[in-house]
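Engineer: Sharing a structure here in structure tokens format.
Since every read-out is calculated from the coordinates, none of them should be taken as a lab result. Fair warning: this is a prediction, and the values are worked out from it, not measured in the lab. As a convention, Cβ positions derive from the backbone with ideal geometry for all residues, glycine included, and neighbour counts pool all protein chains shown.
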Amino acid sequence: MARMFGREWTRRELLERVGDLAQVAGADAFTYTDGVREGVRATRGRTGGGPTFTVLHSRGLDISHAAVTLSVLDGEAALGAARAAVKALLPR
């Protein structure tokens, strides 16, 4: 199940609306080819709910980039994800 646009979706329901699940979410492996990161293996992940992230395999699985994309269609859910992400970063 995936939660998007304020509701839960099954794989079948998503495939009825999109040609490929990669349009909604996925992960892409790549290797940086220039600068100080040249040769570093990484994976960029996209979730259907807004968060995206890049994990560096060659650097102890460091997270080099993380972001939350707010969707006009599902602003309430995206804001909830953003609040949770900020809350997780705050000291307790």
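Engineer: Evaluate E = 1/(1 + (r/R0)^6) for D62 and T10, where r is the Cβ-Cβ distance and R0 equals 41 Å; express this FRET efficiency to the nearest 0.05.
Structural biologist: 0.75
Engineer: Simple spin-label model, 7 Å along Cα-to-Cβ: L89 to L21 in nm?
Structural biologist: In this crude label model, L89 to L21 measures out at 3.0 nm.
Engineer: Here's something else I'd like to know. Sticking with the crude label model, points 7 Å out along Cα→Cβ, report the distance from V36 to F53 in nm, one decimal please.
Structural biologist: Going by the 7 Å Cα→Cβ label model, 2.3 nm.
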